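Chemist: There's a structure below that I have some questions on.
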Amino acid sequence: MRLEVIVPGRPDEDIERAPALVLTGPISFWGGVSPVSGVLTDPRSRDHHRSISGTALFIRELRGSSSGSSVLLELIYRGLAPAAIVLDSPDAILALGVIVGCEMGWKSPPILRLAAAEQELISDGARVSISREGQLTFEL
Amino acid sequence: MDLDSYERGLLEGGGGAALAMRVLVESARVLGAKRLVPIRSAHIDSCLYHGDSGTLFAERLVELGARVAVPTTLNVGALDLLHAGLTRLEPAASSMAHRLMMSYLAMGARPTWTCAPYQAGHRPRAGEDVAWGESNAVAFCNSVLGARTNRYGDFLDICAAITARAPLTGLHLPENRLARILIDASAVPKSFWRDDIAYPILGAWLGRAVGQQVAAIEGIGHPTEDQLKALGAAAASSGSVGLFHVIGVTPEAPSRSIAFGNLPPKKIIPLNLGALAASRAGLSTASRSAGEPIDAVAIGSPHLSSDELRTLDRLLGARRCSKPLYACTGRHALEALRPEGVIERLRNRGVTVVVDTCVVVTPVLPEGAGVLVTNSGKFAHYAPQNTGYDVVFASLIECIESAVRGTLHLEPDALHET
């Protein structure tokens, strides 16, 4: 399927066979993701303790502390960011982390858009490939 | 994007201003804004250390010669610059946090280091477009001052300050500032609104009830500025509220019809004591009964005003705290109260006065988790995840009595009887 590219990021190459992490609940990057390890830290989340690093991260619902930009930038700087981030709707807070990451010359993930209902087609752990134009394919 | 000649000039001029403009334009595109709006002032939240990357970005801007183009205040950093050794950041992080704070000063921002810049002399006029960060400051700026800002997040705040522009969208547009939801508080006894504790409880409830939608509250009398500050801070942390109106009180709501732009409310939500009691209960994570031990008390999120510090001084009287009591405030209040001797008296009685930062954004509380008592809806929201402490939400009097006794003190109130 073809996804809208919200920000292209600065990936070194096309994303090939990244493991899908399909979050089941809402996430706030500030307070919800460790900026030093990339691990999900919200004890109320079913995905607590999982790492978002290198994944194709599917987020159906984003809760926004505005410090989320800083957490994503820190993950980018440490090489611990997801390979790609897929959101239900455009979000300026995460986009800013990627926009600044690109300005700093760091490898930064693209942010793409896929409606929450369509995200259900992607099963957790599937291998996801995304072209620079936003063409997404996956294999189970 | 439709840019004017000044804006195109910044993009083409290179240096720090061009970098800031690129970030701003790209963010505006993501937000769906078709053009930018000139701003008159900025309040920056990006000076709080979250990791080395933020410091490197700020230093890049400084190296490229970026300067703020509008009057700009700074939110808290991760260090108390006036009281060395108060925060327990490890040396490497402490050094990067310090470099971050100094980078923002080097760009020409004022060293206010407070989340209540509106009580440190930064008060834009009603109707002015500004770019403010930090959720409570945004809620106050929009709601109480009537100036216009969106919730500008990290990095966008400083880019707006450097370029004197913000994306023209959201709460910059008058039609998006009209109330849509009416909160009808007529079923709540008027006496409830006399106590300060009513306002963080109302705010926490409001954030959950309306999220980002604009609500107008009717029937809570005439809250003070500090009460509105507490209301907004709690609403912004529980539900991303960027603007609320209080009919007959806040500048864009002199009457119900003006607040709603002569349209009927889309929704009317009745408020009652039961909902407020549930909201109060939801602000505590620790189940402690009166008389049980507590470990620390924290007040001052948003930072305490001079009036609030005077009240603390009066209620504590000549007694000493037996558990740590942290009073977070800005250096503006320290300066204002110096002639009265308030700060010195508080310190002599065991109060730790924290400036430039606060106890939920940097390690200040005693090591090891425990039970924290607070009267701040915002501290109650963030302390468990940020500090590991469990929280008991209580009134200012209950906070002070608990710090003196070392055990939880609770007073009878309207909500306990429902």
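The values are calculated or read from the model by the stated rules, or taken from the named source; none is laboratory data. Remember, it's a predicted structure, so these values are computed and weren't measured experimentally. Cβ sites come from the backbone with ideal geometry, for glycine too, and all protein chains shown count toward neighbours. These area figures cover heavy atoms from the full protein model, side chains too; ligands, DNA and RNA do not enter into them. Shrake-Rupley method; radii C 1.70, N 1.55, O 1.52, S 1.80 Å.
Rundown of residues vs (1) free of Cβ contacts under 8 Å to residues at least 24 places away in the same chain; (2) closer than 25 Å to B:Gly248 by Cβ; (3) among the hydroxyl-bearing types (Ser, Thr, Tyr), yes/no style:
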position: B:Ala97; (1), (2), (3): no, no, no
position: B:Ala116; (1), (2), (3): no, yes, no
position: B:Gly127; (1), (2), (3): yes, yes, no
position: B:Ser143; (1), (2), (3): no, yes, yes
position: B:Phe155; (1), (2), (3): no, no, no
position: B:Leu173; (1), (2), (3): yes, yes, no
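Chemist: Can you pull out the helices (runs of 4 or more DSSP H) entirely within segment B:262-374 that have at least 2 residues that are open to solvent by 70 Å² or more (accessible area, probe 1.4 Å)? Reasoning before the result, please.
Modeler: Working: elements: B:273-282, B:306-316, B:331-337, B:342-348.
Correct list: B:306-316, B:342-348.
Chemist: Checking the structure you have, find out if any residue of segment B:149-157 is within 16 Å of the chain's Cα centre (by Cα), farther than 19 Å from B:Ala20 by Cα and either surrounded by fewer than 24 Cβ atoms within 10 Å (Cβ to Cβ) or of a type in the set (Asp, Glu) (or both). Give the steps one after another, and end with the answer.
Modeler: Of all residues in segment B:149-157, those within 16 Å of the chain's Cα centre (by Cα) come to B:149-154, B:157.
Next cut, farther than 19 Å from B:Ala20 by Cα only: none.
No; the residues of segment B:149-157 include none that is within 16 Å of the chain's Cα centre (by Cα), farther than 19 Å from B:Ala20 by Cα and either surrounded by fewer than 24 Cβ atoms within 10 Å (Cβ to Cβ) or of a type in the set (Asp, Glu) (or both).
Chemist: Oh, and also: Of the residues that sit in segment A:74-95 and are facing chain B (nearest Cβ under 8 Å) and touching a helix residue (DSSP H, G or I) at 6+ places or on another chain (Cβ under 7 Å), which one is most open to solvent (accessible area, probe 1.4 Å)?
Modeler: A:Tyr77
Chemist: So which of B:Val241, B:Val249 is in a loop (DSSP other than H, G, I, E, B), surrounded by 15 or more Cβ atoms within 10 Å (Cβ to Cβ) and within 14 Å of chain A (Cβ to nearest Cβ)?
Modeler: Numbers: B:Val249 fails: within 14 Å of chain A (Cβ to nearest Cβ).
Matching residue, one of B:Val241, B:Val249: B:Val241.
Chemist: Could we say that B:Arg177 is surrounded by 24 or more Cβ atoms within 10 Å (Cβ to Cβ), within 20 Å of B:Ala33 (Cα to Cα) and not hydroxyl-bearing (Ser, Thr, Tyr) here? Please lay out each step first, then the result.
Modeler: Numbers: surrounded by 24 or more Cβ atoms within 10 Å (Cβ to Cβ): no; within 20 Å of B:Ala33 (Cα to Cα): yes; not hydroxyl-bearing (Ser, Thr, Tyr): yes.
Taking the combined requirement at face value, the residue does not satisfy it.
Chemist: Tell me the residue from B:Ala58, B:Ala97 that is in contact with a Ser or Thr (Cβ under 7 Å, 6 or more places away or on another chain), open to solvent by less than 20 Å² (accessible area, probe 1.4 Å) and closer than 23 Å to A:Ser69 by Cα, please. Before the answer, list the steps.
Modeler: Values: B:Ala97 fails: in contact with a Ser or Thr (Cβ under 7 Å, 6 or more places away or on another chain).
Answer to the selection: B:Ala58.
Chemist: Right, something else. Taking the options B:Val25, B:Val70, name whichever one is open to solvent by less than 50 Å² (accessible area, probe 1.4 Å), at pLDDT 95 or above and facing chain A (nearest Cβ under 10 Å). Can you show your working first?
Modeler: Numbers: B:Val70 fails: facing chain A (nearest Cβ under 10 Å).
Criteria check complete, one pass: B:Val25.
Chemist: Hey, another quick one. Can you go through A:Leu57, A:Leu75 and tell me which one is at pLDDT 90 or above, of a type in the set (A, V, I, L, M, F, W, C), assigned to a strand (DSSP E or B) and closer than 23 Å to A:Glu16 by Cβ?
Modeler: Details: A:Leu75 fails: assigned to a strand (DSSP E or B).
Matching residue, one of A:Leu57, A:Leu75: A:Leu57.
Chemist: Still on this model: For segment A:45-67, what are the residues that are within 12 Å of the chain's Cα centre (by Cα) and either within 8 Å of chain B (Cβ to nearest Cβ) or closer than 20 Å to A:Ile15 by Cα (or both)?
Modeler: If the condition is that a residue be within 12 Å of the chain's Cα centre (by Cα) and either within 8 Å of chain B (Cβ to nearest Cβ) or closer than 20 Å to A:Ile15 by Cα (or both), then A:Ser51, A:Ile52, A:Ser53, A:Gly54, A:Thr55, A:Ala56, A:Leu57, A:Phe58, A:Ile59 are the ones that fit.
Chemist: Sticking with this one: In segment B:210-234, how many are closer than 23 Å to B:Ala394 by Cβ and in a helix (DSSP H, G or I)? Spell out how you get there, then give the answer.
Modeler: Going through segment B:210-234, the residues closer than 23 Å to B:Ala394 by Cβ turn out to be B:220-221, B:223-234.
So of that shortlist, the ones also in a helix (DSSP H, G or I) come out as B:225-234.
Summing the residues that are closer than 23 Å to B:Ala394 by Cβ and in a helix (DSSP H, G or I) in segment B:210-234 gives 10.
Chemist: Is there a residue being open to solvent by 10 Å² or more (accessible area, probe 1.4 Å), more than 28 Å from A:Gly31 (Cβ to Cβ) and free of Cβ contacts under 8 Å to residues at least 60 places away in the same chain anywhere in segment B:45-53?
Modeler: No, segment B:45-53 has no match at all.
Chemist: Going by what's in this entry, would B:Leu410 be described as in contact with an Asp or Glu (Cβ under 9 Å, 6 or more places away or on another chain), hydrophobic (A, V, I, L, M, F, W, C) and crowded, with 22+ Cβ neighbours inside 10 Å?
Modeler: Working: in contact with an Asp or Glu (Cβ under 9 Å, 6 or more places away or on another chain): yes; hydrophobic (A, V, I, L, M, F, W, C): yes; crowded, with 22+ Cβ neighbours inside 10 Å: no.
In short, no.
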